[in-house]
Amino acid sequence: MTHRTTGFLFIALAAGTLAACGGPDQRFATPASTPTVRVASAYPTLEVVEVTLPLYAASEEIYAADAGGAITPLGPLWADDPARAMTLQLSRDLGQITGATVAPEPWPYRDYAAAKVDVRIEDMLATDAGTFRLAGQYFVAPDEGGRNRSGSFSIEVPMATPDSAATIAAARSAAVSQLAETVARRGL
């Protein structure tokens, strides 16, 4: 072994030892939502494209913005990939709100969905003002006929304890439910 190889081996072992000393990661799932609003949809079937997120929000870390505008991780992690979890919740909530058959992409049925819903998030974080902010754009594209629709949204959900990962997870769930209602009312 060369001196360089021994050095790399020592660093790798030290990093592994330090990682083993830390406790298990704390992970937080968003609680299930139960939308109570009902909105008729012009489309009997909807495919929800995977939600796109800004770089910080796409990671497994839970982020918050401080008074100076810096976006920093809190330490705890999301229990699931944020884009996947939000896509699944948006699909479930849209189905409950509209009564349509809704599924995330890829569309699992033989016939094509009557329309696609595409959501692109630009902000997804806890703020120093004690709110969870979800903002971005949505697009609804019918497979045949009908008009394409799009719009922007900015949702703020109040949080009693903005530095609590459990509170942030519950607020994210509420914000995604509000987003589903917004898409149903304005886009479907």
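The values are calculated or read from the model by the stated rules, or taken from the named source; none is laboratory data. Since this is a predicted model, take the numbers as computed values, not measurements. Because the Cβ atoms are built from the backbone with ideal geometry, glycine has one as well, and the counts that use them run over all protein chains shown. Ligands, DNA and RNA are stripped out before the accessible areas are found, and what is left, the full protein with its side chains, is counted by its heavy atoms. Shrake-Rupley method; radii C 1.70, N 1.55, O 1.52, S 1.80 Å.
Just to confirm a number: summing +1 for Lys and Arg and -1 for Asp and Glu over residues other than Gly69 whose beta-carbon lies under 15 angstrom from that of Gly69, what do you get?
Spelling it out: positives minus negatives among the neighbours equals -3.
Within the chain, which is the longest segment containing none of the trypsin sites (Lys or Arg not before Pro) that sit in a DSSP loop and have at most 12 other Cβ atoms within 10 Å?
Formally, the longest exposed-site-free interval is 39-109.
Just to confirm a number: summing +1 for Lys and Arg and -1 for Asp and Glu over residues other than Leu88 whose beta-carbon lies under 15 angstrom from that of Leu88, what do you get?
Residues close to Leu88 contribute a combined charge of -3.
So what is the relative contact order of the chain, in percent, for Cα pairs below 8 Å that sit 6 or more residues apart?
Rounded, it is 25 percent for the chain.
Roll a 1.4 Å probe over the protein chains and send me the accessible area per residue for the chain in Å².
Heavy-atom SASA per residue in the chain reads 55 Å².
Helix-only estimate, please: 222 nm mean residue ellipticity of the chain, summing -39500 (n - 2.57) across DSSP H runs of length 4 or more and dividing by its residues, to the nearest 500.
-11000 deg cm²/dmol
Find, among the chymotrypsin sites (Phe, Trp or Tyr not before Pro) in segment 94-184, those assigned to loop by DSSP (not H, G, I, E, B) with at most 13 other beta-carbon atoms within 10 angstrom.
Hits after loop and neighbour filter: Tyr109, Tyr112.
Remind me, what semi-axes does the chain give for its equivalent ellipsoid, largest first in whole Å, using sqrt of 5 times each Cα gyration tensor eigenvalue?
After diagonalising the Cα gyration tensor, the semi-axes are 38, 21, 14 Å.
Suppose we flag GluC sites (Glu not before Pro) only when DSSP calls them loop and at most 16 other Cβ atoms lie within 10 Å. Which is the longest uninterrupted stretch of the chain?
No qualifying site falls inside 61-143, the longest such stretch.
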